[in-house]
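Have a look at the structure below before the remarks.
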Amino acid sequence: MGNSKSTPPKETSGDVTPDVNLEQYRLQHLKDSNDCRKKHGAEPLSLDNHLNKFAQEWAENLAKLNVMKHRLNNKYGENIAAGYPLSNVNAVKMWYDEVQKYNYQSATFAAGTGHFTQLVWKDSKRVGVGIAKASSGMYFIVANYDPAGNVMGHFAANVAKP
């Protein structure tokens, strides 16, 4: 979970459509994700239309509620981020920066590294990306991964050193 500002805006309602080209945003997000994955020997992800819709639905829900939380009972891996203005919000970079905290020796889930490990998880093959803007100006970004990463007992095989 990333947040480029420490003070969250007030609760929002109404239109949550982002003022960005969604297709271009998704393609840039995919490129940035695959650049990170390449450093760790993971194959490139591909964009998935079903996952795009799934992620977009959740991003819009988060923007309407103006709250950061993961979807409950989610069968997909999920990374979320929020911040404003959008020019200060690079979700992939925020998630990847957790690499500095990851312990390759223990090769297990640890607080503060789950976004990074999901991002570079070798067994994940497809991603969907959603972005929504709350009326307060806060942007919510959601990425869903299939198959899901962060599976206990499989970190060593899926999260390689750069």
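Some notes on this structure:
- Residues that are in contact with a helix residue (DSSP H, G or I) (Cβ under 8 Å, 6 or more places away or on another chain) and under 23 Å from Ser135 (Cα atoms) within segment 62-82 comprise Met68, Lys69, Arg71, Asn79, Ile80, Ala81, Ala82, listed in sequence order.
- If you go through segment 105-122 and keep only what is surrounded by 21 or more Cβ atoms within 10 Å (Cβ to Cβ), aliphatic (A, V, I, L, M) and out of contact with any Lys or Arg (no Cβ under 6 Å at 6 or more places or on another chain), you end up with just Leu119.
- Screening Val67 against (1) buried (at least 23 other Cβ atoms within 10 Å of the Cβ); (2) touching an Asp or Glu at 6+ places or on another chain (Cβ under 9 Å); (3) of a type in the set (A, V, I, L, M) leaves a single unmet condition, (1).
- Test: Ser33 is modelled with pLDDT of 95 or more, surrounded by fewer than 17 Cβ atoms within 10 Å (Cβ to Cβ) and either within 17 Å of Ala143 (Cβ to Cβ) or touching a Gly at 6+ places or on another chain (Cβ under 7 Å) (or both): no
- Of everything listed in (1) over 20 Å from Ser33 (Cβ atoms); (2) surrounded by fewer than 16 Cβ atoms within 10 Å (Cβ to Cβ); (3) out of contact with any Phe, Trp or Tyr (no Cβ under 8 Å at 6 or more places or on another chain), the single unmet condition for Gly137 is (3).
- Residue ID - surrounded by the fewest Cβ atoms within 10 Å (Cβ to Cβ), chosen from residues in segment 89-104 that are more than 14 Å from the chain's Cα centre (by Cα) and either under 15 Å from Met152 (Cα atoms) or touching a residue at least 40 places away in the same chain (Cβ under 8 Å) (or both): Asn103
Okay, residues lined up against (1) assigned to a loop (DSSP other than H, G, I, E, B); (2) modelled with pLDDT under 95; (3) within 14 Å of Ala81 (Cα to Cα):
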{"residue": "Gln105", "(1), (2), (3)": "yes, no, no"}
{"residue": "His115", "(1), (2), (3)": "no, no, yes"}
{"residue": "Gln118", "(1), (2), (3)": "no, no, yes"}
{"residue": "Asp123", "(1), (2), (3)": "yes, no, no"}
{"residue": "Val127", "(1), (2), (3)": "no, no, no"}
{"residue": "Gly130", "(1), (2), (3)": "no, no, yes"}
{"residue": "Ala143", "(1), (2), (3)": "no, no, yes"}
{"residue": "Asn150", "(1), (2), (3)": "yes, no, no"}
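- Within segment 43-53, not a single residue is surrounded by fewer than 19 Cβ atoms within 10 Å (Cβ to Cβ), closer than 21 Å to Val159 by Cβ and in contact with an Asp or Glu (Cβ under 8 Å, 6 or more places away or on another chain).
This table checks each residue for (1) touching a helix residue (DSSP H, G or I) at 6+ places or on another chain (Cβ under 8 Å); (2) touching a residue at least 40 places away in the same chain (Cβ under 8 Å).
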| position | (1), (2) |
| --- | --- |
| Asp35 | no, no |
| Gly41 | no, yes |
| Phe54 | no, yes |
| Ala111 | no, no |
| His115 | yes, yes |
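- Being within 22 Å of His50 (Cβ to Cβ) and crowded, with 19+ Cβ neighbours inside 10 Å is a property that Ala132 has.
- Filtering Glu60, Glu43, Glu78 for residues that are in a helix (DSSP H, G or I) and not aliphatic (A, V, I, L, M) leaves a single hit, Glu60.
- Candidate set from segment 78-88 (those that are out of contact with any Ser or Thr (no Cβ under 9 Å at 6 or more places or on another chain) and crowded, with 23+ Cβ neighbours inside 10 Å); member that is nearest to Asn150 (Cα to Cα): Asn79
The values are calculated or read from the model by the stated rules, or taken from the named source; none is laboratory data. Since the structure is predicted, the reported quantities are computational estimates derived from the model, not experimental observations. Cβ: placed from backbone, ideal geometry, glycine included. Neighbour counts: every protein chain shown.
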